Amino acid sequence: MKHLASGVLVICDGSLPSLAALWSEARSESRVRASGDPGGSVIAWGIGPAHASEAWHELVRRQAQACGVSMVEFAPTDAGFNAGAAGSNDFDGRQRHASSGFDVSRMLLSAGEAALDDQVGRVVWPVALGMGEGTLAADQAELVINAISGAADRALLCSRLLALESDDRARREGGQGFEFGGRFMIQTPYLDLGENQLVELALDMDVPLSLVDSQACAANARWLQVIERVGAATLIRPAA
């Protein structure tokens, strides 16, 4: 009989938020194993831009290796979405989520399907949509709040759809085949964090900021600016 493992699939677009999430989950699993529990798998699920370069693929692999994650998979190139759906790769995500919700849903369901195929019942979506620096106008603040609420609702609803699929698979396996049959979870641990807050959290977790590469992942250009702004420029690998 197959069983859904207690591991996790992390959606990775090469940006700082996904690196932080992968690092956090890998360290958590290491602590679990150190306690004597076998733990579960951590899977890096790469979602890149259209016609993603080999440099981007290599960046995701290097980030996974630095986190101690050996399982790296990539989203299908014909899935109908690209890295924009991951939501952590630029700072216009609040507006984009309002106009491309189907892309985001397709991405989450595809990630969930990959997780179920690997017998894993949890996905981490490291989307970060919190307030930036400075004071926002009332209409801008409302956009942020609505984006955060919408992303949370989308993660919950996609979780429920994937739970139904998990339940179907359990029945196909004879009723007891999937330990988490009827359950599935998409988590958004950084959803309401602003850019400074996320960088400060990454610093607290000792995330290897030298892997925030803007050449292979253009989104990281902005994150490098934030890292410099909070006074951690010495932790950034110099540009080649």
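A compact table of results
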item	result
Considering residues of the stretch 181-202 that are touching a helix residue (DSSP H, G or I) at 6+ places or on another chain (Cβ under 8 Å) and part of a helix (DSSP H, G or I) only, the residue most open to solvent (accessible area, probe 1.4 Å)	L201
The lone exception for P49 - which of (1) open to solvent by 50 Å² or more (accessible area, probe 1.4 Å); (2) more than 21 Å from S210 (Cα to Cα); (3) touching a Leu at 6+ places or on another chain (Cβ under 9 Å) it fails	(3)
Yes/no for G121 being modelled with pLDDT of 90 or more, within 16 Å of L9 (Cα to Cα) and exposed (fewer than 14 other Cβ atoms within 10 Å of the Cβ)	no
Residues of the stretch 183-202 classified as aromatic (F, W, Y) and within 18 Å of L22 (Cβ to Cβ), total	1
Scan of the stretch 156-174 for residues that are closer than 20 Å to S105 by Cα and in contact (Cβ under 8 Å) with a residue 60 or more places away in the chain, ordered by number	S166
Residue that is modelled with the highest pLDDT, among those in the stretch 31-70 that are among the polar types (S, T, N, Q) and not in a helix (DSSP H, G or I)	S70
Members of the stretch 27-46 that are open to solvent by less than 10 Å² (accessible area, probe 1.4 Å) and either closer than 21 Å to L209 by Cβ or among the aromatic types (F, W, Y) (or both)	A44, W45, G46
Filtered residues of the stretch 11-21 (kept if part of a helix (DSSP H, G or I) and in contact with a Pro (Cβ under 8 Å, 6 or more places away or on another chain))	P17, S18, L19, A20, A21
Those residues of the stretch 212-240 which are over 28 Å from A152 (Cα atoms), assigned to a helix (DSSP H, G or I) and of a type in the set (A, V, I, L, M, F, W, C), in sequence order	A233, L235
Residue list for the stretch 124-155, filter: part of a helix (DSSP H, G or I) and either free of Cβ contacts under 8 Å to residues at least 12 places away in the same chain or loosely packed, with under 14 Cβ neighbours inside 10 Å (or both)	A138, D139, Q140, A141, E142, I145, S149, D153
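The values are calculated or read from the model by the stated rules, or taken from the named source; none is laboratory data. Everything numeric here is computed off the predicted structure, so don't read it as measured data. Note that we place each Cβ from the backbone using ideal geometry, even for glycine, and neighbour counts take in every protein chain shown. For the accessible areas, the whole protein counts, side chains as well, though only heavy atoms, and no ligand, DNA or RNA atoms are used. Shrake-Rupley method; radii C 1.70, N 1.55, O 1.52, S 1.80 Å.
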